[in-house]
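See structure below.
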Amino acid sequence: MSNQPTRRDILLGSIATTAFASGTHLFVHAAAPRANPIIEENQRPGTNQWQLTYIKFDAGNRLRQSLIEGYCTRTSVAAGETIGFCVSTNPPTPFHIAIYRLGYYGGSGGRLVATLGPFEGRSQEIPPRGDKRLRECQWKPAVEITIPPDWLSGVYLAQLNAKNHRYQSYCIFIVRDNRRADLLFQCSTNTWQAYNKWPAADSLYDNDRPDRKPLVSGVRVSFDRPYARYWQVTDNPLSLGSGEFLLFEFPFSYWLEQHGYDVTYCANEDVDRSLDNLLRCKAFLSVGHDEYWTRRQFDHCLEAVRRGVHFGFFSGNTCCFVLEASAGKSGQPHRVIERVGRYGGIRPGEEKYMADLPVQAPNEATLIGAQTVSPFNGSGDWICRLPQHWIFEGTGMRAGEAIPGLVGWEFHGDPADIPGLQVVASGKTWTAGEAESHYEATIYSGPKGNIVFNASTIFWAQGLSSPPGHWLPYVHNGRPHGPDPRVQRITHNLLRRWREG
């Protein structure tokens, strides 16, 4: 009889053993999760057809594919609300839309929930730059749908498929709910849009200043436009239209759903919208590259800590810039964003990159436990400093033991003066030019005994899983190594403490 875990064992999080590659560590995963909608959802049939197969970028502009591209009229939508899919095809061609929810689904990574169309395609206008370089599309939706009540909260990809040629792209949106759950997974949607260069040089990092400083106010971007090819750090063309989710967040979501954790999803704007959105869950997860927060989002999170919500910052460069969000021409809120401040103010050494950020806000370390440090780019090993801490239980890690390449490409350091805060991992990082920086991963207790953990790296999710459609980033002459039992066990230890606490 095989003693390997079955698919059901994995879904239910039942006892499983995983040996580290060296054979010197053994980890035991116990304490199956309670029945919840995520377990039920992931027992439904999945498919790997959600992945793009064919793309072709425009000649002379490797950022967009005008053959077929689109965006959603909402970033986040709840059951009973309407969302539109705005699509342009140049030259015009009929197309259909296949909508998938991403998750585990037995390892396939997605489930088909709807097929729409075919629709007659049309070539839609690229808007000219307006005030503060804003490009805001006003494309006519090909179709609008009302979200059915049985679409579970999660991240959804609308796959655009042309009829007259083989090329495809994505639109991405989040289905949210208001149910009580153990974990609230916040997608870093503000940051996805801040880095979006569509159609050419139109991100928050593009401006017309003589000094060419990239991190300034006076530039706005809109969610009412397609996502261009992601242009920084890592490059997989087949993520076209998905923002940064497939790059830095999907491995965490996939792993959570694989192990049956009770998780619900939201966008940055949902945290801005309501404190109650945070208070309904036991723990809040910031994942991947979570750089841009509104001040109200920060205040809601700080208040949630005060009220006893656990926080896991499995992210880097988090809450670095103050964002101002406003409605777009459609009247929908949170469709236009602008960088207006630096949390804690511009630090010495940051002046060469930053200027004219007038809005004042607290230092992000007062929430996270540490802050973005300068130089803020780099790569390095995640080095254990406090092996006796309960987060390392079952890992076998020793003081000074490293998880190679897990830190990057941005991170947190210079811990806050919070009573009881502990540094659980720390080390050096280096940029491609060999400039040295540092990071500190921290943990502290909130006023209700709740735990705030800061992993201090964008790449934490890379150590959890490698789902379909995923690839490892390589940046600043370094890279993470992919799934690692130590990263997985540390994360299990945290999530289970939060779930049971």
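The trypsin sites (Lys or Arg not before Pro) found in the range 227-280 include none that occupy coil by DSSP while having at most 11 further C-beta atoms within 10 Å. Rounded, prolate or oblate, given the Cα gyration tensor of the range 223-334, with a/c below 1.5 counting as rounded? Taking the square roots of the gyration eigenvalues as a ≥ b ≥ c, the range 223-334 is oblate.
In the chain, Cα pairs under 8 Å separated by at least six residues give a relative contact order of 15 percent. Around the amide H of Trp409, modelled in the peptide plane, lie the amide H atoms of Ile458, Phe459, all under 5 Å away and 5 or more residues distant in sequence or on another chain. For the range 158-287, the gyration tensor built on C-alpha atoms gives an oblate shape. Its axis ratio a/c (a ≥ b ≥ c) is at least 1.5, and a/b is not larger than b/c.
Each label point was placed 7 Å from the Cα along the Cα-to-Cβ direction; for Lys213 and Leu275 their separation is 3.5 nm. Every Cα-Cα pair in the range 388-501 was counted, and those over 16 Å apart are 64% of them.
Rg of the Cα atoms in the range 105-159, relative to 2.2 N^0.38 Å, amounts to 1.63. Only beta bridges with both residues in the chain are counted; by DSSP, about 70 percent of them are antiparallel.
Atom-type composition of the exposed protein surface of the chain places 49 percent of the accessible area on carbon and sulfur (1.4 angstrom probe). Taking all C-alpha pairs of the range 343-404, those more than 16 Å from each other amount to 64 percent.
How long are the semi-axes of the ellipsoid equivalent to the range 333-464, from square roots of 5 times the Cα gyration tensor eigenvalues, in whole Å, largest first? Present the calculation step by step, with values, prior to reporting the outcome.
Values: eigenvalues 145, 76, 36 Å².
Ellipsoid half-lengths, sorted descending, are 27, 20, 13 Å.
Rounded to the nearest whole Hz, the Karplus-based 3J(HN,Hα) values (6.51 cos²θ - 1.76 cosθ + 1.60, θ = phi - 60°) of the range 427-443 follow the sequence x, 9, 10, 9, 7, 4, x, 6, 5, 9, 9, 8, 9, 9, 8, 10, 8, with x at glycine and proline. Expressed in units of 2.2 N^0.38 Å, where N is the residue count, the Cα radius of gyration of the range 79-204 is 1.18. Take the Cα of Glu81, go 7 Å toward its beta carbon, and none of the backbone nitrogen atoms of the range 242-261 fall under 17 Å from that spot. The modelled label-to-label distance for the pair Gln232/Thr53, using points 7 Å beyond Cα in the direction of Cβ, is 3.4 nm.
Taking only alpha carbon atoms, the range 183-227 gives an Rg to Rh ratio of 1.06, where Rh is the Kirkwood radius. Amide H to amide H, with H built 1.01 Å from N, Asn196 comes under 5 Å of Leu204, counting only residues 5 or more places away or on other chains.
Using the heavy atoms of the protein chains alone and a 1.4 angstrom probe, what is the accessible area of the chain per residue in square angstrom?
Numbers: 18130 Å² over 501 residues.
So the chain comes to 36 Å² accessible per residue, rounded to a whole number.
All distinct Cα pairs of the range 275-393 go into the 1/r average, and the inverse of that average, the Kirkwood radius, is 16.1 Å.
In this structure, the amide hydrogen of Ser66, modeled 1.01 Å from its nitrogen in the peptide plane, lies closer than 5 angstrom to those of Asp58, counting only residues at least 5 positions away or on a different chain.
Size check on the chain: the Cα extents along the three principal axes, sorted descending, read 62, 62, 42 Å.
The values are calculated or read from the model by the stated rules, or taken from the named source; none is laboratory data. Since we're looking at a predicted model, the values are computed, not measured. Don't worry about glycine lacking a Cβ; one is built from the backbone with ideal geometry, like all the others, and counts go over all protein chains shown. Heavy atoms of the whole protein, side chains included, go into the accessibility calculation; ligands, DNA and RNA do not. Shrake-Rupley method; radii C 1.70, N 1.55, O 1.52, S 1.80 Å.
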